[in-house]
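The values are calculated or read from the model by the stated rules, or taken from the named source; none is laboratory data. Just so you know, these numbers come straight off a predicted model, no measurement behind them. We place every Cβ from the backbone using ideal geometry, glycine too, and count neighbours over all the protein chains shown. Accessible surface areas use protein heavy atoms only, side chains included; no ligands, DNA or RNA. Shrake-Rupley method; radii C 1.70, N 1.55, O 1.52, S 1.80 Å.
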Amino acid sequence: MIQISPHAEAALTCTLDERSLYLRRLVLGSVRSAGRGHVGPALSLIEMVRVLYDDVLRIDPKNPRDPNRDRAILSKGHGCLALYALLADRGFFPLSELDGFCGPDSILGGHPEYGMVPGVEASTGALGHGLSIGVGLALAARLRERSYRTFVLLGDGEINEGSVWEAAMGAAKHGLDNLVALIDYNKLQSYGPTDYVLPLEPLADKWRSFGFAVQELNGHDVGALRTTLKQVPAVAGKPTAIICHTVKGKGLPPAESNADWHHKNKLSDSELDAIRVAVGDF
Amino acid sequence: MRNTAMNMVHKLAARDERVLYIGSDPGAGTLRAMSKEFPKRHLIEGISEAHIIGMSAGLAMEGFVPYVNTIATFLTRRCYEQVAVDLCLHNMPVRLIANGGGLVYAPLGPTHQAIEDIAIMRALPNMTVICPCDADEAARMMEETLDWKGPIYIRLGKGGDAIVSKAEHRFEIGKAILMRPPGEVVMVTTGIMLQRALAAADLLAAQGIRAGILHMHTVKPLDADALLQAAGGTRLLVTLEEHVPSGGLGSAVAEALIDKLGSNLPAMLRLSLPDRFMHNYGSQDSLLKKHGLSPSAIATSIERALAASHTSAPQLHST
């Protein structure tokens, strides 16, 4: 039996504030418009992305390629609806783009594409690539003596990939304390529980043994995320890993911890009603 | 060729601070002089090719020009998705310097023999594929890589390949070099097959057969104009490659020719390795000889194809 982290229990019962509900309305509105989308992986990410873009990243939506900006890569690219909602809300592109999600003339595909979407730093979706690219960005900052930081958001299923652990070794080798890996630990991947598909525990010990300074928290606790993310690096000279205990589908009761909501092809009337009950009109 | 290309990385690094060397776990002492002069730009990252490709993409996004170097099969087979997505989809100026293209690692067996690398690299949008013929050409080639937009796959021979290129040939990515004017035959070569083609052409000349040579150091983008010009007026066009028949130089040439159907095209003979892994060791030279790619075997194949084309309409031949 794996031990249930207190953070994981807290994630289940965490109450969402109005901004978190608003961002969920944006995400679910895109799913309704497109008739498809990765719902569960986006809803588990909302608070992580929200705190990054609202409170942590040094970014300017009017100058998305500012060389001194902080870099953020959504390595679990299928969670892109959360990223798109935040980028649109922060003014990187018009909110109306969200309605075109996955449409023929949209800039917003089912996985984020570099060069297509302002604010997207790398094309992701093929899993296990983001941390290596992040190591490159962080190493470039070091070589150029620049002060920007690099944040990489990883899925728990994604870290099945060996390339993630190659990147972790590389980050530790170079002592990249300007690099932060945020792991969305919702404990459910496409087929089923991570503990069944490919057990990850002891996850914190793994990252620690690979040379990272490790923090664990409730990934839906905006305050805890804000405090932790504003204090990176956790240890000077080491890259930071923040294990965010989350709930897949968080905030939408029928979707919570339900693998059937990993990807939705369409929403039934009763599902639309359930969404309205959970997040209000959307 | 390999040492020359490596030393060119050092020279380019001295000239341009964007240049990085990234090796996986290369031989001891690789680019030691560069590691001393530019320690921050000489990176040894371990046997982690999937990660190295992603990392080099991240560095390129920030304006660096990484030269990534390891054995050819590990740069191609092992991390194909990273090459496709991180380098080609992002269109990043990363240079993949592949040691031991073709059968250089013959004694080490099929895991180390890069016999399909041209095909799979050529299939990727935005990728450029270059196979220099000798050390001098490798040096000229490296000069041109500094400012080329997008990723480049550089297939290197080993060392000791006869120098047959000349300074006056110069080097331009995507521009084939006419080494000998076409006669009734023209051979199209890439990499070190040029040396064999030159020797084969001499053997054919002794038989009264004039054979031209077009050196296609860049397989992608293919110089279709030079190809069509060289093919015009010949009876037989022969491709020579140290590669399986699928997807390599012969395929690229056939595709370019087929796009010009209706032109007065010659018959075509594709000389390559067979469509199988090489289960023999020995040397690069012995394996090439075994598979009909020695100069004398090439000349014989061409004589036979010419004889056959006397009695039949133009058609495609293959080994």
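Filtered by the rule that a residue be open to solvent by 10 Å² or more (accessible area, probe 1.4 Å), over 19 Å from B:Arg2 (Cβ atoms) and out of contact with any Ser or Thr (no Cβ under 9 Å at 6 or more places or on another chain), region B:82-109 gives B:Ala84, B:Asn91. As for region B:17-29, it holds no residue that is facing chain A (nearest Cβ under 8 Å), open to solvent by less than 10 Å² (accessible area, probe 1.4 Å), under 25 Å from B:Arg122 (Cβ atoms) and not charged (D, E, K, R).
Looking at region B:124-134 only, could you name the residues that are in contact with a strand residue (DSSP E or B) (Cβ under 9 Å, 6 or more places away or on another chain) and either buried (at least 21 other Cβ atoms within 10 Å of the Cβ) or in contact (Cβ under 8 Å) with a residue 60 or more places away in the chain (or both)? Steps first, please.
Step one: filter region B:124-134 for residues in contact with a strand residue (DSSP E or B) (Cβ under 9 Å, 6 or more places away or on another chain), giving B:124, B:127-133.
B:Met127, B:Thr128, B:Val129, B:Ile130, B:Cys131, B:Pro132, B:Cys133 - these are the residues of region B:124-134 that are in contact with a strand residue (DSSP E or B) (Cβ under 9 Å, 6 or more places away or on another chain) and either buried (at least 21 other Cβ atoms within 10 Å of the Cβ) or in contact (Cβ under 8 Å) with a residue 60 or more places away in the chain (or both).
If you check B:Ala206, B:Ala230, which single one turns out to be of a type outside the set (Lys, Arg), more than 30 Å from B:Asn99 (Cβ to Cβ) and open to solvent by 10 Å² or more (accessible area, probe 1.4 Å)?
On the way: B:Ala230 fails: open to solvent by 10 Å² or more (accessible area, probe 1.4 Å).
Going through B:Ala206, B:Ala230 in turn, just one is of a type outside the set (Lys, Arg), more than 30 Å from B:Asn99 (Cβ to Cβ) and open to solvent by 10 Å² or more (accessible area, probe 1.4 Å): B:Ala206.
Does region B:124-146 contain any residue that is closer than 24 Å to B:Pro266 by Cβ and at pLDDT 95 or above? Yes, some residue in region B:124-146 is closer than 24 Å to B:Pro266 by Cβ and at pLDDT 95 or above.
Residues of region B:243-285 being under 26 Å from B:Gly159 (Cα atoms) and open to solvent by less than 10 Å² (accessible area, probe 1.4 Å), which ones? B:His243, B:Gly248, B:Leu249, B:Gly250, B:Leu271, B:Ser272, B:Leu273, B:Met278, listed by residue number. Scanning region A:1-53 for residues that are out of contact with any strand residue (DSSP E or B) (no Cβ under 9 Å at 6 or more places or on another chain), assigned to a helix (DSSP H, G or I) and not hydrophobic (A, V, I, L, M, F, W, C) turns up A:Thr13, A:Glu18, A:Arg19, A:Ser20, A:Tyr22, A:Arg24, A:Arg25, A:Gly29, A:Arg32, A:Ser33, A:Arg50. The combined condition, being closer than 21 Å to A:Asp55 by Cα, in contact with a Cys (Cβ under 9 Å, 6 or more places away or on another chain) and crowded, with 24+ Cβ neighbours inside 10 Å, is not fulfilled by A:Ile242. When the criteria are applied in full, A:Ala213 fails the requirement of being out of contact with any Ser or Thr (no Cβ under 7 Å at 6 or more places or on another chain), in contact (Cβ under 8 Å) with a residue 12 or more places away in the chain, farther than 23 Å from A:His262 by Cα and hydrophobic (A, V, I, L, M, F, W, C).
Condition check ((1) more than 28 Å from A:Arg65 (Cα to Cα); (2) of a type in the set (Gly, Ala, Ser); (3) within 8 Å of chain A (Cβ to nearest Cβ); (4) open to solvent by 10 Å² or more (accessible area, probe 1.4 Å)) across all residues:
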| site | (1), (2), (3), (4) |
| --- | --- |
| B:Ile52 | no, no, yes, no |
| B:Leu59 | no, no, yes, no |
| B:Thr73 | yes, no, no, no |
| B:Arg77 | yes, no, no, yes |
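Quickly run through region A:167-225 and pick out the residues that are among the aromatic types (Phe, Trp, Tyr), closer than 25 Å to A:Tyr53 by Cβ and open to solvent by 20 Å² or more (accessible area, probe 1.4 Å).
none
Residues of region A:123-161 that are without any contact (Cβ under 8 Å) to a residue 12 or more places away in the chain and at the interface with another protein chain (Cβ under 8 Å from one of its Cβ atoms): A:Gly136, A:Ala140, A:Leu143, A:Arg144. Of the residues making up region A:164-178, none is more than 14 Å from every other protein chain (Cβ to nearest Cβ) and assigned to a strand (DSSP E or B). Every test in (1) free of Cβ contacts under 8 Å to residues at least 24 places away in the same chain; (2) within 14 Å of chain B (Cβ to nearest Cβ); (3) of a type in the set (Val, Ile, Thr) is passed by A:Val120 save one, and that test is (1).
May I ask you to say which residue of B:Glu45, B:Glu116 is within 8 Å of chain A (Cβ to nearest Cβ), among the acidic types (Asp, Glu), touching a Gly at 6+ places or on another chain (Cβ under 8 Å) and surrounded by 19 or more Cβ atoms within 10 Å (Cβ to Cβ)? Steps first, answer last, please.
Values: B:Glu116 fails: within 8 Å of chain A (Cβ to nearest Cβ).
The conditions single out B:Glu45.
The number of residues in region B:216-227 being within 22 Å of B:Ala114 (Cα to Cα) and either open to solvent by 50 Å² or more (accessible area, probe 1.4 Å) or outside any loop (DSSP other than H, G, I, E, B) (or both) comes to 4.
Would you check if A:Ile73 is closer than 21 Å to A:Glu158 by Cβ and within 14 Å of chain B (Cβ to nearest Cβ)? Against the criterion (closer than 21 Å to A:Glu158 by Cβ and within 14 Å of chain B (Cβ to nearest Cβ)), A:Ile73 qualifies.
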